[in-house]
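Single-structure report; data block below.
The values are calculated or read from the model by the stated rules, or taken from the named source; none is laboratory data. For clarity, every value in this text was computed on a predicted model and none was experimentally measured. Every residue, glycine among them, receives a Cβ derived from its backbone with ideal geometry; neighbour counts consider all protein chains shown. We work out accessible area using only protein heavy atoms, side chains counted, and drop any ligands, DNA or RNA first. Shrake-Rupley method; radii C 1.70, N 1.55, O 1.52, S 1.80 Å.
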Amino acid sequence: MIGIIDPDTVDATNLQRQVLYSSADEGRPKVEAARERLVALNPDIRVEAFQAEFDSSKAESLLREFDLVVDGSDNFKTRFLVNDAAYKMGIPLVFAAVDRFEGQVALFDGRTGPCYRCLYPEPPRAVIRNCQESGVLGTVVGSVGMLQAHLALQCLISGGDSLHPLSPVAGRLTLIDLAKGWNLSTVQIPKRPDCPTCSVPPQSIVLESHEESTSPACFMGQAAVTAHELATRLDRGGDVPILVDVRTDEEWEESHIPGAIHWELSRLEQGLVPPNLGRETLFVVYCRSGVRSARAVELFRKRGFKGVSNLKGGIESWRLQARSRV
Ligand SMILES: [Zn+2]
């Protein structure tokens, strides 16, 4: 069975690159038009269409039905959610992305890593344009899509047998640059030992909802603050946030930011939260380098703490930029 999920309807501007549709489909739900076209190609296949956004509320129940995920989304929120959900469910993921004349394709194995978060730990803060906004040639999307489809077929045909002649290699990023003809290169993605997705037990992966990630009501209105921003705010004596150190007991004993409270990440993972924090309290979480605290921020958000921010670069960055405070 093939499942397709997408909330949109077909628009005339899609037609130069989205080859499942014709101008007669304009205004129809994309998933319906796609299902019809695929079944017309092969009446023996079963295609399920879901006209909806792929969000955290349905990610697990949807993925449970399938052996492989192919991510063709055009935004980072969905891309990170697909990655996290695939790892939570232990399903391989074929990722692809396009930006103007360049593309990226990779297969992630869904069990051992590396994963998409090893490549990009967090969604970028800057506004990144999607295909609609930046303009893209249909041939670039087609080329990248063909490589993505090929990886998906390899994965399904080999069925996880590493000795099969078509067995694909997971964890390698293929970069395609079509600005000056075909330019293809492949790099191995290093697995991050502190990756919040593929280096933790699958059951502790928290799927972040779109609402939580798009409207953080946190310190300075930011989901993450730099050590410089925090130091400047402390100097001015404005609405000073509480600092929460999520490192281990040993790291805390060695040194910590004065005034901080200590609450190890492992306690959060067990569902325990500091008793002196309210749902509306402004607080900034830190660890050594900002990775464990990013995970802590996800866990706090999941439990309804809207005022949480992450200290980018952790205490290491704090030491560099505000040395006198430690
Ligand atoms: Zn990872």
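List of remarks:
- Count of region 8-41 residues which are more than 17 Å from Leu137 (Cα to Cα) and open to solvent by 60 Å² or more (accessible area, probe 1.4 Å): 12
- Flag: Asp44 does not match the condition of being of a type in the set (D, E, K, R), at pLDDT 95 or above and surrounded by 17 or more Cβ atoms within 10 Å (Cβ to Cβ).
- Scan of region 220-267 for residues that are modelled with pLDDT of 90 or more and part of a helix (DSSP H, G or I), ordered by number: Asp249, Glu250, Glu251, Trp252, Glu253, Glu254, Leu265, Ser266, Arg267
- Listed by first and then second residue, the pairs linking a residue in region 291-315 that is closer than 17 Å to Thr226 by Cβ to a residue that is among the basic types (Lys, Arg), with Cβ atoms under 7 Å apart and 6 or more places separating them unless they lie on different chains, are Val308/Arg301; Gly314/Arg288; Ile315/Arg288.
- On the stretch given as region 53-86, residues that are within 16 Å of the ligand (Cβ to nearest atom) and either among the charged types (D, E, K, R) or modelled with pLDDT under 90 (or both) total 4.
- Test: residue in region 90-110 that is open to solvent by 40 Å² or more (accessible area, probe 1.4 Å) and either among the small types (Gly, Ala, Ser) or within 15 Å of the ligand (Cβ to nearest atom) (or both): no
- Going through (1) surrounded by fewer than 18 Cβ atoms within 10 Å (Cβ to Cβ); (2) within 19 Å of the chain's Cα centre (by Cα) one by one, Arg279 falls short only on (2).
- For region 179-208, the tally of residues that are within 14 Å of the ligand (Cβ to nearest atom) and touching a residue at least 60 places away in the same chain (Cβ under 8 Å) stands at 14.
- Scan of region 239-268 for residues that are touching a Ser or Thr at 6+ places or on another chain (Cβ under 9 Å) and surrounded by fewer than 17 Cβ atoms within 10 Å (Cβ to Cβ), ordered by number: Thr248, Ser266
- Restricting attention to region 144-195, the residues that are loosely packed, with under 13 Cβ neighbours inside 10 Å, touching a Lys or Arg at 6+ places or on another chain (Cβ under 6 Å) and over 12 Å from Val105 (Cβ atoms) add up to 1.
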